[in-house]
Amino acid sequence: MSRDVIRIGGAMRKAIYPGSFDPITFGHLDIVARAARLFDHVYVAVLNNLEKKTLFTVQERLEMMRSSVTADNVTCETFDGLAVEYAASRGAMAMVRGLRAVSDFEAEFKLGAANRHLNPQVEMVYLMTSNEHSFLSSSIVKEVASMGGTVDDWVPAPVAARLREKFSRVEGRNQA
């Protein structure tokens, strides 16, 4: 089926997939790939929130995302502020979010209601995480990596290397 057949009124269907992505995981990449099949263009939006403590800088997270995403119809960039405002600035009709468990649903339900109130033109689209990634989160990846565990099955190789580098520097400081 060609993309023209699934367009609504001839308009390009754009979506955003916002998140901290600290760091990006194979679960995130699964959502990106599936969203790229559903929409004509997807903006992966790496949140630049100075209030949130992250392991990687926004620039590092953006670089890891760009090096990991392979779809031609995906643009990776940063944003700050409200995701619905970012969506409007890109002409996006939808915001994609991943769901792993019932606990995700409750939080996403509240966030979705707030976003609908702020901008009812942006639809929330929820994709269930693939079974093999249903337990995976950036927090788990960071915790395992910080204790010297291998995360190679959970993140792309360049991300695993950055995690090892980041935590080896932390260990070096702690041992000094």
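Using every pair of alpha-carbon atoms in the range 99-176, split the distances into 10 Å bins beginning at 0 and state the percent of pairs per bin, rounded to integers.
16, 32, 25, 21, 6, 0
Scattering from the C-alpha atoms of the range 82-121 alone, worked out with Debye: what is log10 I(q)/I(0) at q = 0.35 1/Å?
Log10 of I(q)/I(0), two decimals: -1.18.
For the chain, with a Gaussian network of springs between Cα atoms less than 10 Å apart, report the residue from G91, G81, G19 with the top mean-square fluctuation.
Evaluated over the chain, the most mobile residue of the options is G81.
In square angstrom, what is the accessible area per residue of the chain with a 1.4 angstrom probe?
Ligands and nucleic acids excluded, the result is 56 Å² per residue.
What is the spin-label model distance, in nm, from E63 to K110 if the labels are put 7 Å beyond Cα along the C-beta direction?
Distance between label points: 3.5 nm.
Which log10 I(q)/I(0) values, to two decimals, does the range 58-124 give at q = 0.21 Å⁻¹ under the Debye formula with one point per Cα?
-1.05
At 25 °C and a viscosity of 0.890 mPa s, what translational diffusion coefficient does Stokes-Einstein give for the range 1-117, taking Rh as the Kirkwood radius over Cα pairs? Give it in µm²/s as a whole number.
After rounding, the answer is 164 µm²/s.
On the accessible surface of the chain, probed at 1.4 Å, how many percent belong to carbon and sulfur atoms?
It is 54 percent, rounded to a whole number.
Among the helices of the chain (complete DSSP H runs), which have Cα atoms covering no less than 20 Å along the helix axis and a Kyte-Doolittle mean of at least 1.0?
Counting only whole DSSP H runs, no helix qualifies.
Return the percentage of antiparallel bridges among DSSP beta bridges fully within the chain, rounded to the nearest 5 %.
Antiparallel bridges: around 5 percent, rounded to the nearest 5.
The values are calculated or read from the model by the stated rules, or taken from the named source; none is laboratory data. Treat the numbers as computed from the prediction; the structure is a model and nothing was measured. Cβ sites come from the backbone with ideal geometry, for glycine too, and all protein chains shown count toward neighbours. Ligands, DNA and RNA are stripped out before the accessible areas are found, and what is left, the full protein with its side chains, is counted by its heavy atoms. Shrake-Rupley method; radii C 1.70, N 1.55, O 1.52, S 1.80 Å.
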